[in-house]
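**Q** Shown below is the structure under consideration.
The values are calculated or read from the model by the stated rules, or taken from the named source; none is laboratory data. The structure presented is a predicted model; accordingly, all values stated were derived computationally and were not measured. When we count neighbours, we look across all protein chains shown, and the Cβ atoms used for this are built from the backbone with ideal geometry, even at glycine. Accessible surface areas use protein heavy atoms only, side chains included; no ligands, DNA or RNA. Shrake-Rupley method; radii C 1.70, N 1.55, O 1.52, S 1.80 Å.
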Amino acid sequence: MEIISALKESNLIGLGGAGFPTWQKWRAVKESLGAKRFVICNLSEGEPGVFKDEYILQNHLLELVGGIVLAKETVSAGRAYIFLNDKYRKYLPKINRAVKGKKIEIFIDTGRYLCGEETTLLQTIEGKLRQPRSKPPYPTTSGLYGYPTLINNAETLYRAYLISQGGSDLKRFYSISGDVVSKRIVEEKIGAKIREVIPARFLDQINFVRVSGPSGFFAKPEDFEQIVSGTGAVEIYGKKRKILEGLIDSITFLKNESCGKCTPCREGTYRIAELLNKLIATSSLWDRKEIIELISEIAQTAAVTSFCPLGASIARPVTTAIDNFKQEILGE
Ligand SMILES: Cc1cc2nc3c(=O)[nH]c(=O)nc-3n(C[C@H](O)[C@H](O)[C@H](O)COP(=O)(O)O)c2cc1C
Ligand code: SF4
């Protein structure tokens, strides 16, 4: 079967966070008009709690390269890039051996979180300011140097290769880390629930989990029927850990990774971080209620007015922490 049809039948979605149907993206690039086309394997993996792409580098590099070559041939791209996080530089000799003669270049970058965002990634390779571009146009029609470009997460390309080899059992890698359970990769179906990726015997030792990193959501054990979406990361916080610890960690990370281009994200993350510290410092229930209201308002504003998905994602950790753990936060 032709690969784009096989991808469609498999229901493979992008595993870098956004979950866009892979076959649609491949078809869009294949059908885009352009004198050249490019393929980029996104191996930026700058989000805390995610280490599945490193696992692929360690254990399935040849299949990943097979996926890049397949993508290149399918969309008629002359050249491909692997956009590699600097923390994975140690794998370079192995990668160089695997890509030899295949017209695949390695681009090593700082590993800053925002550089994994597809348009910031393009800016970075082009040597421009590391800030997102507005969309549309999408990279499928106007990507690297203005040419149609297929950008896929490393695991998406790895899974596409398995599908091309007749694999029908569609799964993904979940990165499990934090307290209670030792750090591990769990391979499960796409769309697995939280309770399906954490061994059952540990469930009663957990206060909450953070799903899909700092821009993701918080869930308590009663809500472990929820699907592990986004990057497939589950970070576990044990019984002694407080939700505000998790929320401060998420907001501090987003504040430090904000590129500063737009006000709602730059100022919003700064103000929320400041308010969270105030929240911890006060024992007045009245003040606490007022502070969480203000935090929610700032986060909601950032969600609808930020320029890129980093700023838009602020509301998710804030809302899920405040809605699900209100009593704990108010100290009632
Ligand atoms: C702030 C931010 C960081 C991102 N970091 C990564 C990353 O490290 N790796 C990745 O594959 N996608 C990352 N993405 C998603 C990419 O923009 C893009 O959607 C993805 O590489 C497309 O591949 P996929 O369709 O195979 O998921 C990030 C998105 C945002 C908004
Ligand atoms: S939302 Fe944040 S990261 Fe995105 S452009 Fe605005 S300041 Fe930069």
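**Q** Of the beta bridges DSSP finds with both residues in the chain, what % are antiparallel, to the nearest 5?
**A** Working: 16 of 37 bridges.
Close to 45 percent.
**Q** Test of the criteria: in the range 125-196, which trypsin sites (Lys or Arg not before Pro) are in a DSSP loop and have at most 14 other Cβ atoms within 10 angstrom of their Cβ? Present the calculation step by step, with values, prior to reporting the outcome.
**A** Details: sites: 128, 130, 133, 159, 171, 172, 183, 184, 189, 193, 195; in loops: 128, 130, 133, 183.
When the trypsin sites (Lys or Arg not before Pro) of the range 125-196 are filtered for loop state and at most 14 Cβ neighbours within 10 Å, 128, 183 remain.
**Q** For residue 141, enumerate residues with amide H under 5 Å from its amide H, sequence gap 5+ or separate chain, H modeled in the peptide plane.
**A** Correct list: 149.
**Q** In degrees, nearest 10, range 0 to 90: what is the angle between the Cα axis of helix 61-75 and the longest Cα principal axis of the chain?
**A** 70
**Q** Averaged per residue, what accessible surface does the chain expose to a 1.4 Å probe, in Å²? All intermediate terms of the calculation are to be shown ahead of the outcome.
**A** Values: 14850 Å² over 332 residues.
About 45 Å² of surface per residue is accessible.
**Q** I would also like to ask the following. Going 7 Å from the Cα of residue 76 in the Cα-to-Cβ direction, what parts of the range 1-36 have a backbone nitrogen less than 20 Å from that spot?
**A** Answer for the range 1-36: 2-6, 23-36.
**Q** Using amide H atoms built in the peptide plane, which far-off residues or other-chain residues are under 5 Å from residue 40 H to H?
**A** Residues meeting the criterion, in which the H sits 1.01 Å from N, are 81, 150, 151, 152.
**Q** Okay, helix-only estimate at 222 nm for the chain: each DSSP H run of n ≥ 4 adds -39500 (n - 2.57), divide by all residues, round to 500 deg cm²/dmol; what do you get? Provide the component values of the computation, followed by the final result.
**A** Values: 14 runs with 146 residues, N = 332.
For the chain, the value works out to -13000 deg cm²/dmol.
**Q** With a 1.4 Å probe and all protein chains left in place, how much of the accessible area of the chain comes from carbon and sulfur atoms, in whole percent?
**A** Roughly 50 percent, rounded to a whole number.
**Q** Would you mind checking 30/135; 90/183; 30/87; 193/278 for any pair whose Cα atoms are more than 23 angstrom apart? If you can, show how the numbers build up before the last one.
**A** On the way: 30/135 19 Å; 90/183 20 Å; 30/87 32 Å; 193/278 35 Å.
In this structure, 30/87; 193/278 exceed 23 Å between Cα atoms.
**Q** Rounded to the nearest 0.05, what FRET efficiency do residue 103 and residue 193 give with R0 = 51 Å and r taken as the Cβ-Cβ distance? Could you check?
**A** Numbers: r = 41 Å, r/R0 = 0.80.
According to the calculation, E is roughly 0.80.
**Q** Once the Cα atoms of helix 154-164 and of the chain are each reduced to a long axis, what angle between those two axes, in degrees from 0 to 90 to the nearest 10, is obtained?
**A** Once rounded, one gets 50 degrees.
**Q** Along Cα→Cβ, 7 Å out, is where each label goes; now give me the distance between the ones at residue 183 and residue 11 in nm to one decimal.
**A** 3.3
**Q** Need the C-alpha centroid separation for the range 1-64 versus the range 226-249, integer Å.
**A** The distance from the Cα centre of the range 1-64 to that of the range 226-249 comes to 26 Å.
**Q** With a point put 7 Å past each Cα toward its Cβ, work out how far residue 110 is from residue 263 in nm, to one decimal.
**A** Those two pseudo-labels are separated by 2.5 nm.
**Q** Further question on the same structure: How many percent of the alpha carbon pairs in the range 242-332 exceed a separation of 20 Å?
**A** Roughly 27 percent, rounded to a whole number.
**Q** Please give the length that would be gained between residue 290 and residue 239 if that part of the chain were fully extended, namely 0.36 nm times their separation in residues minus their C-alpha to C-alpha distance (nm, one decimal). Display every interim value, and only then the final one.
**A** On the way: separation 51, 0.36 × 51 = 18.36 nm, distance 2.71 nm.
Contour length minus the Cα-Cα distance gives 15.6 nm.
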